[in-house]
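Read the structure below first, then the notes.
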Amino acid sequence: GRHGYPTGIRRALHNRVSRWAIGAAGWRTAFHLDAYQHRYLSSVDSDAWRLMPDPVTPAVKCSPHDARQQLGLPTDAICIGCTGHIDRSKGSDRLIEAFVEAIPDLPSQCSLLLAGPTKPEIKQQLRGYGQLLEQKKIIHIDRLLSDQELDWAVQSMGIMCLPYKRAYQ
C-alpha cells in the first residue's frame, strides 16, 4: 500500500478496500514496516496498528573509496549505479542508454555500476558496449551479492539510480 501518500482515485480506492479487508479479517493487531504509513493508518483506522521492527541489520559504514576497494572497483571512480536484480522493470535498460548518451558531458572518472543478477535482455544490451565495459565506464557485477557486498556497492555510489518503468506509464 501507499497509505497516506498522495495518490490518484484508483490507488485511494485500493487503499480503502485494503484497509477494510484487514479490518474485516478480525485481527486485533496489524503491523506495518513503513513508519509514515503506520502513523497514517493509526490516525484513520484504529490504534490496532503497530510499527514492525525493521529486521534488516544496519550496514557497517565505510567511505566510498574503501567500499570501491573492497569490490575491486576503481577507487577514484564517481559511481552512478543500480543494485539488486538488473532488469527492464527496474528501468536498467533506460539507465544504461541514458548513461551512455551522457558520457561526453560527465567527468572522465564517472562510471555506471550495475551490481546484481542480470536478466538476459540486459546482458544482450551490454554486449553492445564492450569497449565501455573494458574501460570500466560500465562496471557490471552479474551475480547475487552477499549482504556485505550489497552494502559496499551502495556505499560506493555517489548516485543510486533506479528509474522504475512504472513511473513512465
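The values are calculated or read from the model by the stated rules, or taken from the named source; none is laboratory data. Note that this is a predicted model, so its numbers are computed, not measured. Cβ sites come from the backbone with ideal geometry, for glycine too, and all protein chains shown count toward neighbours. Ligands, DNA and RNA are stripped out before the accessible areas are found, and what is left, the full protein with its side chains, is counted by its heavy atoms. Shrake-Rupley method; radii C 1.70, N 1.55, O 1.52, S 1.80 Å.
When G81, G130 are checked against the criterion of being touching a residue at least 12 places away in the same chain (Cβ under 8 Å) and not polar (S, T, N, Q), a single residue qualifies: G81.
Could you list, in sequence order, all residues of segment 59-76 that are touching a helix residue (DSSP H, G or I) at 6+ places or on another chain (Cβ under 6 Å) and farther than 14 Å from V154 by Cβ? T75 - this is the single residue of segment 59-76 that is touching a helix residue (DSSP H, G or I) at 6+ places or on another chain (Cβ under 6 Å) and farther than 14 Å from V154 by Cβ. For segment 28-59, how many residues meet the condition of being among the charged types (D, E, K, R), under 30 Å from L113 (Cα atoms) and open to solvent by 90 Å² or more (accessible area, probe 1.4 Å)? Of the residues in that region, 1 qualify.
The set of residues from segment 72-93 being in contact with a Phe, Trp or Tyr (Cβ under 8 Å, 6 or more places away or on another chain) and modelled with pLDDT under 95 comprises S89, K90, G91.
Among all positions in segment 48-62, there is no residue which is of a type in the set (G, A, S), without any contact (Cβ under 8 Å) to a residue 12 or more places away in the chain and out of contact with any Phe, Trp or Tyr (no Cβ under 6 Å at 6 or more places or on another chain). Only one of the numbered conditions (1) more than 22 Å from the chain's Cα centre (by Cα); (2) surrounded by 12 or more Cβ atoms within 10 Å (Cβ to Cβ); (3) part of a loop (DSSP other than H, G, I, E, B); (4) not hydroxyl-bearing (S, T, Y) is violated by C62, and that is (1).
Of all residues in segment 85-108, those being open to solvent by less than 30 Å² (accessible area, probe 1.4 Å), touching a residue at least 40 places away in the same chain (Cβ under 8 Å) and out of contact with any Ser or Thr (no Cβ under 9 Å at 6 or more places or on another chain) number 4. Here R50, R10 are screened, and the one residue that is modelled with pLDDT of 85 or more and in a helix (DSSP H, G or I) is R10.
Taking the options L126, L144, name whichever one is over 18 Å from the mean Cα position of the chain (by Cα) and aliphatic (A, V, I, L, M). Let's see the steps before the verdict.
Numbers: L144 fails: over 18 Å from the mean Cα position of the chain (by Cα).
L126 is the lone residue from the list that is over 18 Å from the mean Cα position of the chain (by Cα) and aliphatic (A, V, I, L, M).
Taking the criterion of being at pLDDT 95 or above and more than 11 Å from T83 (Cα to Cα), the residues of segment 138-152 that qualify are I138, I139.
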